[in-house]
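Heads up: the structure comes next, in structure tokens.
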Amino acid sequence: MIRPATPADAKQVAPLFILSMGHIAGIFANSDRYEDAIPFFENFFQRNDNQYSYINTLVFENETGIAGSVTGYDGALLHALRQPILDQLRKTKPDFTPNDETEEGEFYLDCINVDARYQGKGIGKKLINAFCEKAASLAYARVGLIVDLENADAKRFYEKLDFQVVGTRDFMGHTYFHMVKTV
């Protein structure tokens, strides 16, 4: 079942963020151990004022708990939603200023995460479809996301869901395909 997330989901969803964040989780944790970012994500997930908030997240729940999640928001709100994250990160990295990964006019899919035990069962596809339906219901014409140039499997996955490459973006030390789907 796909449903809106709640603050109580933080303990289950925060570890899932690490799956899609990869090296970015390490930057947030200031550690080579990505899992060190779990408390960071738990904190911000429970709040309602940032890009990783429960209010921006849908979860896929099965009989054992939360098996996946998708998080995203209006690209025009990126700077406002990112500010609490930047305020925290700049306590240890005062000059931390990432490029923008999204823009006005798109409903941005920031993170899609499926627990490793449930990958390959169609959960990611269901979450993305639900996210796209949400975007359409909110009158957005397109959904955007970024995919690391080195992640050919993810690029193919999104292409099968009708996302198309519209350019590239440099973000946090990597280059990404910017992909968009019309909804």
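For the reader, a short list of remarks on this structure follows.
- You will find that of Asp153, Asp100, the residue that is at pLDDT below 95 and under 15 Å from the mean Cα position of the chain (by Cα) is Asp100 and no other.
- Counted residues, region 16-37 - those being assigned to a helix (DSSP H, G or I) and farther than 22 Å from Glu101 by Cβ: 2
- Selected residue (criterion: nearest to the chain's Cα centre (by Cα)) from residues of region 135-150 that are surrounded by 12 or more Cβ atoms within 10 Å (Cβ to Cβ) and not hydrophobic (A, V, I, L, M, F, W, C): Gly144
- With respect to the stated conditions, Asn62 fails to be free of Cβ contacts under 8 Å to residues at least 12 places away in the same chain and either touching a Leu at 6+ places or on another chain (Cβ under 8 Å) or polar (S, T, N, Q) (or both).
- All conditions but one from (1) closer than 22 Å to Val59 by Cβ; (2) surrounded by 12 or more Cβ atoms within 10 Å (Cβ to Cβ); (3) of a type outside the set (Phe, Trp, Tyr) apply to Leu86; the one that does not is (1).
- Given (1) of a type outside the set (S, T, N, Q); (2) more than 16 Å from the chain's Cα centre (by Cα); (3) assigned to a helix (DSSP H, G or I), number of the condition Gly120 does not satisfy: (3)
- Check on Gly167, loosely packed, with under 12 Cβ neighbours inside 10 Å, more than 28 Å from Asp9 (Cα to Cα) and of a type outside the set (Val, Ile, Thr): yes
- Within region 1-46, restricting attention to residues that are modelled with pLDDT of 90 or more, farther than 16 Å from Gly72 by Cα and among the polar types (S, T, N, Q), the residue that is surrounded by the most Cβ atoms within 10 Å (Cβ to Cβ) is Gln12.
Every residue, every condition in (1) loosely packed, with under 15 Cβ neighbours inside 10 Å; (2) in contact with a helix residue (DSSP H, G or I) (Cβ under 6 Å, 6 or more places away or on another chain); (3) in contact (Cβ under 8 Å) with a residue 24 or more places away in the chain, yes or no:
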{"residue": "Leu78", "(1), (2), (3)": "no, no, yes"}
{"residue": "Gln119", "(1), (2), (3)": "yes, no, no"}
{"residue": "Asp162", "(1), (2), (3)": "yes, no, no"}
{"residue": "Gly173", "(1), (2), (3)": "yes, no, yes"}
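The values are calculated or read from the model by the stated rules, or taken from the named source; none is laboratory data. Quantities reported herein were computed from a predicted structural model and do not represent experimental measurements. Reconstructed Cβ throughout: ideal geometry from the backbone, glycine too, with neighbour counts over all protein chains shown.
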